[in-house]
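Only one structure is covered here, and it is reproduced in the block below.
None of the figures in this text is laboratory data; all of them are computed from the coordinates on show. Remember, predicted model here, so these are calculated numbers, not experimental data. Neighbour counts run over all protein chains shown; Cβ positions are idealised from the backbone, glycine included.
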Amino acid sequence: MVSEMVSVRNICCVGAGYVGGPTAAVIAYKCHHIKVTICDLNQARIDAWNSDKLPIYEPGLEEVVFDRRGKNLFFSTDIDTAINEADLIFVSVNTPTKKAGLGAGKAADLAYIEKATRRIAEVAKSSKIVVEKSTVPCRTAESMRTILEANSTEKVRFDILSNPEFLAEGTAINDLFHPDRVLIGALQTPEGIAAQRALAEVYENWVPADRVITTNLWSSELSKLAANALLAQRISSINALSAVCEATGADVDEVAYAVGRDSRIGPKFLKASVGFGGSCFQKDILNLVYLSQSLNLPEVAEYWNQVYLLNEYQKKRFVKKIISTLFNTITHKRIAVLGFAFKKDTGDTRESAAITLIKDFIQENAHVAVYDPKVEHEQMYMDLSDNLPDTRKNVEEHLTICADAYEAAKDADAVIIVTEWDEFKTLDYQRIYDNMHKPAFLFDGRLMLNAEELRKIGFKVHTIGKNELAGTA
Ligand code: NAD
Ligand code: UGA
């Protein structure tokens with residue numbers, strides 16, 4: 001019986017992505033007594049995890065993986081063996097927004113979760129703790145339990161936990177080493193509580209026990225959606241204020257600092273920007289909107305939908321500002337885009353604001369020269385063409401992928417800062433200015449450059465949430 005299990009010795013993680021890879025690798029790094037096998041259907045991804053060039057870029061990840069790989073950390077496509085050997089299985093597969101069918105555009109596509117769960121049910125020959133690591137709508141664990149229990153026998157029982165992940169990309173390893181909290185939800189039965197304790201003990205190898213929070217299953221599932229919705233809501237709130245700042249001469253950085261000093265509000269996640277991106281904020285807010293609609297709570301759904309809509313507005317507002325400033329046309333102009341990833345220190349481009357912006361520039365028949373230090377070139381083509389051959393041809397005609405920021409900005413009419421890579425702070429902007437068409441415009445979508453210094457060089461600068469005339473007010 002799982003309720004008698006005292007400690008976890010063998011972990012399998014199904015899904016070797018941005019969450020499964022780093023999370024399970026850190027468990028192996030911190031718990032040498034636990035064998036960890038990370039598995040995936042995608043052979044190329046597993047091969048990359050087993051190679052010198054890992055499939056994702058994340059500061060500190062190589063050190064962790066290279067230290068434990070082949071010792072107590074393994075990457076494999078042999079999912080069945082990994083499931084069978086494990087006493088605890090993380091399900092860390094993707095849960096993207098549904099593209100078709102009921103709830104298309106909002107609801108989470110749970111097909112990958114279901115497939116992984118069925119596989120566990122089919123092949124498990126001994127009792128398992130099954131841990132929902134993916135972000136899922138509230139009560140998904142119930143469906144998992146139904147699938148698993150339909151396949152349980154006297155000898156094989158399954159206990160289901162919810163253990164959502166709160167890491168952010170770019171800081172994943174630090175977040176996993178020093179989490180604000182680890183959340184573990186379980187059915188409040190003796191077996192559920194015993195399974196909850198078994199997983200808590202894994203984390204307590206390096207996380208202080210008072211940071212390991214235990215709740216019921218549904219609170220845990222909803223807390224994950226709620227955390228992302230609240231974080232995204234802060235960004236949409238400050239971005240809404242950024243438009244007011246531009247119209248009034250208030251400075252959004254000053255406003256964020258002033259309000260963030262109130263300890264009830266706090267300073268984090270108040271950085272105005274060209275709009276939040278990433279694989280989860282949009283997906284999870286829409287998921288919450290759909291959940292609220294399904295629960296017949298239209299006002300609640302509308303409330304959260306505004307967080308998403310404001311983010312769309314912020315991206316479009318920035319594009320409009322660029323076009324209007326460049327004398328109402330960017331046709332045949334060269335627009336240098338610095339940054340393609342959705343944030344710094346990651347090569348991930350999912351829902352990056354850069355995709356929306358560049359698609360709009362191409363639509364206006366501009367020529368876009370893009371540079372990003374980490375994003376693969378093929379990824380940019382795929383993101384911009386949505387894998388459609390005709391669109392891809394058009395993208396290739398309008399896009400140049402450059403080796404550095406200087407090449408991108410050469411002969412450009414405007415430079416647009418889209419991702420806040422540190423290296424953009426220390427570029428030789430005099431050199432960039434000298435090689436641009438005049439007037440040389442610079443649009444700072446990340447509020448990261450010193451606009452005054454740039455203006456001294458000769459740039460015409462627009463920064464989100466700042467009004468060029470503010471100094472004269
Ligand atoms: P990802 O797309 O990078 O990785 C998912 C992996 O699962 C893929 O490699 C895919 O091949 C694999 N997979 C799918 N179905 C499978 C199956 N049946 N068997 C084996 N492998 C299978 O996704 P991700 O970014 O790691 O996100 C995973 C989950 O974690 C999502 O629910 C997401 O919302 C959540 N999450 C993501 C982040 C993040 O920063 N990316 C943070 C917290 C939570
Ligand atoms: C976010 C959450 O921060 C994680 O806690 C969560 O686990 C994760 O989503 C998830 O569920 O996937 P992530 O998307 O990786 O993490 O990165 P964030 O640092 O949250 O940034 C998201 C977007 O918001 C980025 O485009 C970033 O540039 C933008 N952002 C962030 C702002 O525009 N302003 C801010 O103040 C902070």
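Brief remarks follow.
- For the chain, the Cβ-based charge dipole about the Cα centre amounts to some 500 debye (Lys, Arg positive; Asp, Glu negative; other atoms uncharged).
- What the Cβ-Cβ distance of residue 437 and residue 265 gives, at R0 = 45 Å and to the nearest 0.05, is a FRET efficiency of 0.55.
- Cross-link reach list, lysines versus residue 316, counting only Cα pairs under 20 Å and skipping chain neighbours closer than eight places: 271, 283, 333, 343, 359, 466
- Crossing angle, helix 217-248 versus the chain [Cα axis fit, 0-90 degrees, rounded to tens]: 10 degrees
- Between 0 and 90°, nearest 10: helix 389-398 axis offset from the chain longest Cα axis: 40 degrees
- Principal-axis tilt of helix 353-363 within the chain, Cα atoms, nearest 10 degrees: 50 degrees
- Look at the alpha carbon pairs under 8 Å that are at least 6 residues apart: their mean separation over the length of segment 354-422 gives a relative contact order of 37 percent.
- Given charges at beta-carbon only (K, R positive; D, E negative), |dipole| of segment 1-114 in Debye: 240 debye
- For residue 204, the shell of other residues with beta-carbons less than 15 Å away shows a net charge of +2, using +1 for Lys and Arg and -1 for Asp and Glu.
- Sites listed here are GluC sites (Glu not before Pro) in segment 309-381 whose DSSP assignment is loop and whose Cβ has at most 14 other Cβ atoms within 10 Å: 376.
- Selection among 123, 81, 143 by position relative to the dipole of segment 10-164 gives 143 as farthest towards the positive end (Cβ unit charges, Cα centre).
- Residues with amide H under 5 Å from that of residue 344, placed H, sequence gap 5 or more: 420
- Taking every C-alpha pair closer than 8 Å and separated by at least 6 residues, the mean separation divided by the residue count of the chain gives a relative contact order of 12 percent.
- Remark: relative contact order (segment 272-367) = 34 percent; criterion is Cα-Cα distance under 8 angstrom and separation of 6 or more residues.
- Under 27 Å from the Cα of residue 30 - lysines, other chains or at least 8 residues apart: 53, 71, 128, 133, 224, 344
- A straight Cα-to-Cα reach below 19 Å connects residue 425 with the aspartates and glutamates 253, 345, 372, 404, 407, 434, 444, 452, 453, residues fewer than 8 places away in its own chain not being considered.
- Residue (of 389, 371, 331) at the positive-pole extreme of segment 316-449, dipole from beta-carbon charges: 331
- Residue 90 long-range amide H proximity, modeled H, under 5 Å: 12, 13, 14, 131
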